[in-house]
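The values are calculated or read from the model by the stated rules, or taken from the named source; none is laboratory data. Source: prediction; values computed, not measured. Cβ: placed from backbone, ideal geometry, glycine included. Neighbour counts: every protein chain shown. SASA here: full protein model, heavy atoms, side chains in, ligands and nucleic acids out. Shrake-Rupley method; radii C 1.70, N 1.55, O 1.52, S 1.80 Å.
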Amino acid sequence: MGPQSSGLAVRLAARAGWLDRHTSGLATQHVQGNVVILPRDVADEFLRYCQRNPKPCPVLAVSEPGDPTLPTLAGDLDIRSDVPRYRVWREGVLVDEPLDVRAIWRDDLVSFVLGCSFSFEQALIEDGIRLRHVDEGKNVAMYRTSIATVAAGRFSGPMVVTMRPMKAADAIRATQITSRFPNVHGAPVHIGDPSLIGIRDLQQPDYGDAVAVLPDELPVFWACGVTPQAALAQARPPFAITHAPGAMLITDLLNHQLSSF
């Protein structure tokens, strides 16, 4: 299982329980997605939250209630089993991290797949920009910030960001490249001093793995699809399922299909 894998191969490995870790660096040509699954009576509110916060919550697909398939993303896809690791939330509290959720599936559940920054990483790599977490086989570092999202009903909370250290010239080029991908977070939301967005220590990420930032590098921050997990913790819906941070759903869509130009 590696960079040249197909989206289907990764999903089948997750479905069989063979893959239970982060998906950074896997099936690099394919669009990866963050997953949020909610009861129908909460889903409309969450959709409004996503519409008001398109940078951290770009919607790629929404299912019909109770339907585990997402045909616009892939033909052979079961949202109940094809994510490497899930998180189950009750009243905003994390209660389990199973490898599949078939045993707790309900007919009223609506699945949302949101764009993921892993999808623009291949464009950066192909342009010669090195990504330290990929080189080191780590999950990307993620941080809660002081940037507030726009509330919708019960959903609100801080923006979560991913960080990739880069030299200044690479940071400029990365901004140009990722601006072509608004459906997977687009251009960075911040470059430089992390304290300006409420991050105290880059070596203590809230999710994912820390990587070094060298003296000649800048930390570059993109909006992250883990943002809804912070919103879920504050909204405290009675039931919700998400992906575990970094353990994405990999689709059959190709990254270049999401480029706006």
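Being closer than 30 Å to ARG132 by Cβ, within 17 Å of the chain's Cα centre (by Cα), β-branched (Val, Ile, Thr) and buried (at least 17 other Cβ atoms within 10 Å of the Cβ) is a description that applies to VAL10. In segment 226-244, the residue that is most open to solvent (accessible area, probe 1.4 Å) out of those that are part of a loop (DSSP other than H, G, I, E, B) and on the phi < 0 side of the Ramachandran plot is PRO238. Among the residues of segment 204-222, those that are of a type in the set (A, V, I, L, M) and either out of contact with any strand residue (DSSP E or B) (no Cβ under 6 Å at 6 or more places or on another chain) or assigned to a loop (DSSP other than H, G, I, E, B) (or both) comprise ALA210, VAL211, ALA212, VAL213, LEU214. Within the bounds of segment 103-126, is there any residue that is surrounded by fewer than 21 Cβ atoms within 10 Å (Cβ to Cβ), in contact (Cβ under 8 Å) with a residue 60 or more places away in the chain and either at positive phi or outside any helix (DSSP H, G or I) (or both)? Yes, segment 103-126 has at least one match. Selection of segment 137-164 for residues being more than 30 Å from PRO238 (Cβ to Cβ) and open to solvent by less than 10 Å² (accessible area, probe 1.4 Å) yields VAL140, ALA141, MET163, ARG164.
For segment 67-74, the criterion of a residue being crowded, with 21+ Cβ neighbours inside 10 Å, modelled with pLDDT of 95 or more and in contact with a helix residue (DSSP H, G or I) (Cβ under 8 Å, 6 or more places away or on another chain) is satisfied by at least one position. All of VAL59, VAL35 fail the test of being under 16 Å from the mean Cα position of the chain (by Cα), surrounded by fewer than 23 Cβ atoms within 10 Å (Cβ to Cβ) and within 26 Å of LEU254 (Cβ to Cβ), apart from VAL59. For segment 189-203, a tally of residues being among the hydrophobic types (A, V, I, L, M, F, W, C) and assigned to a loop (DSSP other than H, G, I, E, B) returns 3. Against the test of being part of a loop (DSSP other than H, G, I, E, B), closer than 25 Å to SER195 by Cβ and β-branched (Val, Ile, Thr), the options VAL150, VAL83, VAL160 yield a single qualifying residue, VAL150.
For the residues GLY75, GLY33, the requirement of being outside any strand (DSSP E or B) and either among the hydrophobic types (A, V, I, L, M, F, W, C) or in contact (Cβ under 8 Å) with a residue 40 or more places away in the chain (or both) singles out GLY75. In the set (1) touching a Leu at 6+ places or on another chain (Cβ under 9 Å); (2) at pLDDT 95 or above; (3) surrounded by fewer than 21 Cβ atoms within 10 Å (Cβ to Cβ); (4) acidic (Asp, Glu), the condition left unmet by ASP78 is number (1). Annotation: of all residues in segment 127-136 being touching a residue at least 60 places away in the same chain (Cβ under 8 Å) and more than 17 Å from the chain's Cα centre (by Cα), the one that is most open to solvent (accessible area, probe 1.4 Å) is GLU136. For LEU94, indicate whether it is open to solvent by 50 Å² or more (accessible area, probe 1.4 Å), touching a Lys or Arg at 6+ places or on another chain (Cβ under 8 Å) and modelled with pLDDT under 95. Answer is yes for this residue.
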